[in-house]
Amino acid sequence: MKLYNTLSRQIEEFVPNEQGKVKMYTCGPTVYHFAHIGNLRTYIMEDALDRFLRYYGYEVLRVMNITDVGHLTSDADTGEDKMLKGAKREQKTVMEIAEFYKNAFFADCKKLNIRTPDVVEPATGCIDSFIATIESLIEKGYAYIAGGNVYFDTSKVKDYNALTGHNSDDLKIGVRDDVSEDENKRNKSDFVLWFTKSKFDSQELKWDSPWGVGYPGWHIECSCISMKHCGEYLDIHCGGVDNIFPHHTNEIAQSEAYVGHKWCNYWFHVQHLNDERGKMSKSSGEFLTLSLLESKNVNPLAYRLFCLQSHYRKPLVFSWETLGNAEAAYQKLLKRITNLKTEGEVDESAVAAYRQKFIDAVGNDINTAQGLTVLYDMLKDKAISDATKRAVAADLDKVLALDLLSGKKEEPKAPAAEEIVIPEEDMWIVALIEERKAAKKAKDFARADAIRNDLAAKGITLIDTPQGTKYTK
Ligand code: AMP
Ligand code: ZN
């Protein structure tokens, strides 16, 4: 199979380090808010890669972190802590916020048929390993202490800009806030491995360390969690394109400094989902969630189809109209497959031939759109029986994961476009509405009532309607 590698900027033949086995690492969500459908595009396309590798015959070990500490609002090691920002917004502790949004993330993944990675590791569970790695980096001369913090010295690595292919001074990707220069740094691109001092709000979660009480930087989390489970040699590292710099660039620098050789061979990056205002981002405060799509009559798997219809390396523009088309196409597809007769012989050689066509299509740099074309062509094929068509659809669905044979068929409804934006200042209300819904489902009526009463005390009234709970201020 072929895969585009951000590191070489070329499509390459994929060859794992160990024959038949793939070690794959995915940057997990920062759990201070709901995932938006842009984040979910990245996870859907990474899931397509994961599923395809298994379908192709590889044994896959997939590891994902949960960023519950250390991710700042600016990726340039400046700015407010995202988790603390979420906790303040919702008047909860950081761990409460992390638990709530982690569960919300996996609930979304389940609806989208995104496999849970084999290992999911929250950063707060690996502090000892971060400290041990940082100690070793200091010992090897790659890190230094200044102003109470530990920094990675990027001048010590040979090719710091290999992943971006640019001089990092020119790069503004991922920098979301105003960047003020940190005077402790020896080089502009140096980054914090361990904070004991921050000019911003103090972290709620802190741990003892050889450098004082503090907390880890974001980048070290992914390197250590990957190495803990996948060892010194990683085959594929995934993320959205905004992760290329500085996050993945810094991961490579510190991991290779630590292990003393090349660390990861293939870098898989998913392009962004944009809306008419540009890139969808959590920190901008205005974004679409999967629950919001559902409230507009969109089946989550129609959103999966919407993503699979485009190549992961092309930016995808969201509009209610194109999503409505995907919903209609999804329902039509389900109807077509449900209407296939179940009796009759399955022609195994035809199943194998379509399997090969599908592998050729998707195996060419995870071209899921071409994979869907194979499915549509197969459904039109007059030379094969309905039973064979069903068997092929079931087989291809191991990668497409669209519930082709069991999906809930509904009459397509055009999603309603009004009220699409949840303002940042109201997201905490939406979070509490979700929590109340979960409490009611778990028959914890005391908690559900307490949420309603707390909101009422703040002047917010909840109205339960057949379409879900609405609120007025
Ligand atoms: P975060 O929760 O902010 O750490 O992001 C989770 C994942 O979503 C990361 O891999 C990001 O690169 C990715 N991501 C962020 N914004 C977008 C977007 N608009 N479209 C696609 N992926 C995104
Ligand atoms: Zn990461």
Output for Cβ contacts, cut-off 8 Å, separation at least six or different chains, first residue within 15 Å of VAL120 (Cβ to Cβ) in region 19-31, second near ligand 1 (Cβ under 8 Å from one of its atoms) and part of a loop (DSSP other than H, G, I, E, B), reads PRO29/ALA35; THR30/HIS71; THR30/LYS282
Selection from region 1-23 of residues under 16 Å from ALA162 (Cα atoms), open to solvent by less than 50 Å² (accessible area, probe 1.4 Å) and assigned to a loop (DSSP other than H, G, I, E, B) yields THR6, LEU7, SER8
Practice problem: For region 226-240, indicate whether the set of residues that are more than 16 Å from ligand 2 (Cβ to nearest atom), under 26 Å from the mean Cα position of the chain (by Cα) and under 26 Å from HIS36 (Cβ atoms) is non-empty. | Solution: no
Modelled with pLDDT of 95 or more, charged (D, E, K, R), within 28 Å of the chain's Cα centre (by Cα) and closer than 24 Å to SER295 by Cα - does that describe any residue in region 412-424?
no
| request: Answer yes or no: is there a residue in region 77-91 that is modelled with pLDDT under 85, of a type in the set (A, V, I, L, M, F, W, C) and within 21 Å of GLY239 (Cβ to Cβ). | output: yes
Quick count over region 77-134, residues being under 26 Å from ALA439 (Cα atoms), outside any helix (DSSP H, G or I) and of a type in the set (A, V, I, L, M, F, W, C), is 3
Of ALA302, ALA253, ALA329, the only residue that is open to solvent by 20 Å² or more (accessible area, probe 1.4 Å), part of a helix (DSSP H, G or I) and either within 16 Å of ligand 2 (Cβ to nearest atom) or not acidic (Asp, Glu) (or both) is ALA329
Exception for THR26 within (1) among the polar types (S, T, N, Q); (2) open to solvent by 10 Å² or more (accessible area, probe 1.4 Å); (3) more than 24 Å from LYS92 (Cβ to Cβ) falls at (2)
All conditions in (1) free of Cβ contacts under 8 Å to residues at least 60 places away in the same chain; (2) open to solvent by 30 Å² or more (accessible area, probe 1.4 Å); (3) not basic (Lys, Arg) are true of TYR151 except (2)
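The values are calculated or read from the model by the stated rules, or taken from the named source; none is laboratory data. All of these numbers come straight from a predicted model, not from anything done at the bench. All Cβ positions, even for glycine, are placed from backbone atoms using ideal geometry, and neighbour counts span all protein chains on display. Note: accessible area is taken over every heavy atom of the protein model, side chains too, but ligands, DNA and RNA are not part of it. Shrake-Rupley method; radii C 1.70, N 1.55, O 1.52, S 1.80 Å.
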